[in-house]
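The values are calculated or read from the model by the stated rules, or taken from the named source; none is laboratory data. Values in this document were obtained by computation on a predicted structure and should not be read as measured data. Every residue, glycine as well, gets a Cβ built from its backbone with ideal geometry; the counts of neighbours run over all protein chains shown. For accessibility, only protein heavy atoms count, side chains too; no ligands or nucleic acids. Shrake-Rupley method; radii C 1.70, N 1.55, O 1.52, S 1.80 Å.
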Amino acid sequence: MAGEVAAAELIGVKHLSSAEAAAEEEKLRLLREAVHALPVSAVKDLWSIGACVRCIFRLFGLHELMCSHPSLSISKWCDILEDVMRKKDGEFNEQSHQERSRETNFCKICLGILQFLYYDDTGTLLKKYSADDFAVVISELVKQQYQQIDSFSLEVSLPSVVTENDQAVWLYMKNKYRHELWFQEKAECQFISTKDIFKLLVINPLQRLLGVKSTQSSFRVRLTYSHSDALTRDDVQEGNGGNKRRKTDKAGFTGDLKTTGESVTPHVESFDSNIVDGDGLTKVCPKEAQDLSCNNLMAKLDKIGKPCSLAIHCCRSSTYIGGRYLKYSRNVSQTRWVIDDERMGEASVEEIIGGAILPIFQGDNYKFHAAGREDIDVRMLGTGRPFLVEIQNARQVPSEALIKEIEKKINSLESQYVRVKNLRAVGSQGWDLMREGEAEKQKQYAALVWISRPVSDEDLQTISSLKELKVAQKTPIRVLHRRSPLEREKIIHWMQVERVSGSSQYLLLHLCTQAGTYIKEFVHGDFGRTQPSIGSILGCRTEILQLDVTDVKMDCFQEE
């Protein structure tokens, strides 16, 4: 019964079943045994230089025991350490109580990170007493912003000074205790960095609270610790050829250095926790940290007098929705088109589709990608044009019901400018589907053409007989201001011609061409810049009045 009470008090739980209490009591027994094996002199030494109890435990390789008790507060860890040390050394109690006041401040080695002591984004100093308590902060933020996640990846970024402190303390311990048996047998091969033990402490409680596993995931939780004092030192080191830093985006998820008018956010990874080569550590350790005396170590650790600041960001990798769109208006551009602050057209395909998708997925932004484009005055008919919408940081996970809701929403719009079909959620492989055969794809068109003389049966026969016609096209005059002045060879695979009833000078031209062919210029010749053209073939002036795309021959996003 006494064991059950002791276990319940230590883990902060009022009621435990007998089996649970027995399991906890066994864990605590193993913990006390491990602590009992620690050298008292080395523990005193670490506590005297300002190490927190978690740093002391990790420096002696007790990280597995620490991680098996995520609900234990730092004060409980202190109680266990003091109780065992006092039994081994009667003088330990008085000295430890004097030094224990440091726990109300912050650890000189991890800068409060393993104490879960930090400044939030408002500048308020916060302290969480256990790994469980800290994990609650993260899980509440995730649940507040994201309704659905199926896994997560935890990313942690620490200022370089924490890595330097780890290295300096390890070198100090190795220099002082390398000849002692306990160091040779255990500490040297089991040392673990601040960053690694932090992740081990937080991962399991976070998995339990979120109800999903931590793995390589499209959903990332990013914890960025920074320190104003450390930034100045990082800048000096970089100027002297020190660690290269990498820029981060708004949420800190990319790889290099981002500089704003106010601050610089460093992204410096901790050193390998498996390093046991003192010479290797010396090579990456700052010169001043290589003086291994206690006074110099304490002088180094005393340079920074406050904990780190913590920014927590959550982000999901881009979600892709693919499909095909049809455009029925001759006054709707594919993407938003503005000239001299004046909008061209009534709307755009991009805004109609993206504007319907973004609020449903609750993303930050979207990007629209299509397999080619048609002019604003050209309709997109037939099977439609393949497209992808990339939703950035979506809070909703795609589902079949959600996709159907989006398709219904777009196709029910009153304007009826645009419709979509074959919508589906795709991964980043959607890009491969779009690119596959893009250069070789064929397109079919229907064009209403006027010619300067009556259409004859011979004209119809001449045009329809042409197969695999090679055409040389210089960059059209109408796009020369934004395209390179090049000559391109394209192929007209086949053409068919219909008369238009009621008029002798109009014809309906159906044609299949290689992707990238300028159809309008192929009809009228563009002042001789396209050869041959319908005009040169018929030997008369020709003009295109209307143009529709009737098919984009690509395999992606077809009917299943």
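What percentage of the solvent-accessible surface of region 313-469, computed with a 1.4 Å probe over protein heavy atoms, is contributed by carbon and sulfur atoms?
47 percent
Which semi-axis lengths, in whole Å and largest first, follow from the square roots of five times the eigenvalues of the Cα gyration tensor of region 440-560?
Semi-axes (√(5λ), whole Å): 23, 19, 13.
Assuming 0.36 nm per residue, please report the length gained on full extension of the stretch Q531 to D302 beyond their Cα-Cα distance. Walk me through the intermediate numbers first.
On the way: separation 229, 0.36 × 229 = 82.44 nm, distance 7.94 nm.
Taking 0.36 nm per residue and subtracting the Cα distance, the gain is 74.5 nm.
Skip the ligands, DNA and RNA, and give the accessible area per residue of region 341-383 with a 1.4 Å probe, whole Å². Please list the in-between numbers first.
On the way: 1880 Å² over 43 residues.
With the other protein chains kept in place, region 341-383 gives 44 Å² per residue.
May I ask you to work out the translational diffusion coefficient for region 318-431 at 20 °C, viscosity 1.002 mPa s, via Stokes-Einstein with Rh from the Kirkwood sum over Cα pairs, reported in whole µm²/s? Spell out each step's value before the answer.
Numbers: Rh = 14.2 Å.
Result for D is 151 µm²/s.
In Å and on Cα atoms, what radius of gyration and Dmax does region 128-172 show?
Gyration radius and largest Cα-Cα distance of region 128-172: 15.7, 48 Å.
Give me the distance in nm between label points sitting 7 Å out from Cα along the Cα-to-Cβ direction at D150 and S415, one decimal.
3.4 nm
Give me the distance in nm between label points sitting 7 Å out from Cα along the Cα-to-Cβ direction at A22 and V338, one decimal.
A separation of 7.2 nm, rounded to one decimal place.
Any idea how far apart L448 and L181 come out in nm if each label point goes 7 Å out from Cα toward Cβ?
Result: 10.0 nm between the two label points.
Could you sort the peptides 148-154, 67-73 by per-residue average Cβ neighbour count (10 Å cutoff), highest mean leading?
67-73, 148-154
For region 288-368, what Kirkwood radius comes out of the mean inverse Cα-Cα distance, in Å?
Details: mean 1/r = 0.0547 Å⁻¹.
Value: 18.3 Å, from the Cα pair sum.
Considering region 327-381, what Rg and Dmax in Å follow from its alpha-carbon atoms?
12.0, 33
With the cut-off at 28 Å, tell me which of the pairs K76/K195; K367/K490; K408/K490; K327/K490; K467/K553; K213/K421 have Cα atoms farther apart than that. Numbers along the way, then the final one.
Working: K76/K195 22 Å; K367/K490 30 Å; K408/K490 39 Å; K327/K490 25 Å; K467/K553 18 Å; K213/K421 35 Å.
Pairs exceeding the cut-off: K367/K490; K408/K490; K213/K421.
Along each principal axis of its Cα atoms, how long is region 354-499 end to end? Whole angstroms, biggest number first, please.
That works out to 61, 35, 27 Å along the principal axes.
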